[in-house]
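Nothing in this text is a laboratory measurement; each read-out follows from the coordinates by a stated rule. Quantities reported herein were computed from a predicted structural model and do not represent experimental measurements. Virtual Cβ from ideal backbone geometry, glycine too; neighbours counted across all protein chains shown.
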Ligand SMILES: [Mg+2]
């Protein structure tokens, strides 16, 4: 209870201190099941909820429309529809979406093209847990 000795000297009542942070919805897109699971397990944000995973751009757009994620991790080399095209389509549908490209394609031209399509960050494979979490942190900050 507010005003009890346990709260002496604290600036805010317990209800405010315990207010939940709004959850952030994340979609993980990669044609490798291993990479998808790695991203899902390694991310360390309490308020981040993985609302879907997709193995190619076509599947990603379907899940994107259904789940309306705030954040997307996007592979580039995938069957059916690659990440570059998928980024453009997602951004066209919802410009506010934040997209982190996670790809083994390390050349500058690819990164520039992804950014031009609307991506917000680029992480090269292979990546450490720390690199992944720093990249996500920059994306949702
Ligand atoms: Mg791939």
log10 I(q)/I(0) for segment 47-141, Debye formula on C-alpha points only (no solvent), q = 0.15, 0.21, 0.24 Å⁻¹, two decimals, reads -0.52, -1.09, -1.43
Taking the Cα-to-Cβ direction at residue 44 and at residue 58 and moving 7 Å from each Cα, how far apart do the two end points lie in nm? 3.9
Quick check: the angle from helix 83-93's long axis to the longest principal axis of the chain, C-alpha only, nearest 10 degrees? 60
If contacts are Cα pairs under 8 angstrom and at least 6 residues apart, what is the relative contact order of the chain in percent? 20
Kindly express, to the nearest 10 degrees and within the range 0 to 90, the angle between helix 129-140's C-alpha long axis and the longest C-alpha principal axis of the chain. 80
Order by protection proxy (mean Cβ within 10 Å, highest first), peptides 108-116, 58-66, 70-78, 83-91: 70-78, 83-91, 58-66, 108-116
For the chain, longest principal axis from Cα atoms; helix 57-67 axis from its Cα atoms; angle between them, nearest 10 degrees, is 30
